[in-house]
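We did not get these values from a lab; they are worked out from the coordinates using the rules stated. Just so you know, these numbers come straight off a predicted model, no measurement behind them. Cβ atoms come from the backbone with ideal geometry, glycine included; neighbour counts cover every protein chain shown.
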Amino acid sequence: MHSPSQSTATKLCLRLHPDRDADLLAWLEKLDGLPFGGKGETVKAALRRGIGMEMTADQAVTSGLLAQVRAVVEAAVGAGLADAQIVRKPLTTGTPASETDALLDAFAESLTL
């Protein structure tokens, strides 16, 4: 595990057994419908409560909003890309830089959602 002052993320893996951890498994199953990131944030909040370091109201609101924003963005990108078509225009050797720049600009505009 890393110290809290390091900026790298730490992955936590644990094994739950149906006979000993049925209560935790049932609780985790209820979290499956949360937006992306919501399950992890809820588990972290429970861990913080367990060690007496509850989140402030501002942290909880921000955490929930970030999960909702992420879900909305993922849905919008998915919907936008569902109908996207990429048409490749063959470039000839020696294409002038201005034409290449124009093609790149047009490509960027075609991905606008």
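Data overview
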read-out: Potential lengthening between Arg15 and Ala46 on full extension [0.36 nm per residue; Cα-Cα distance subtracted]; value: 9.5 nm
read-out: Mean Cβ neighbour count within 10 Å, used as a protection proxy, ranking 33-45, 15-27 highest first; value: 33-45, 15-27
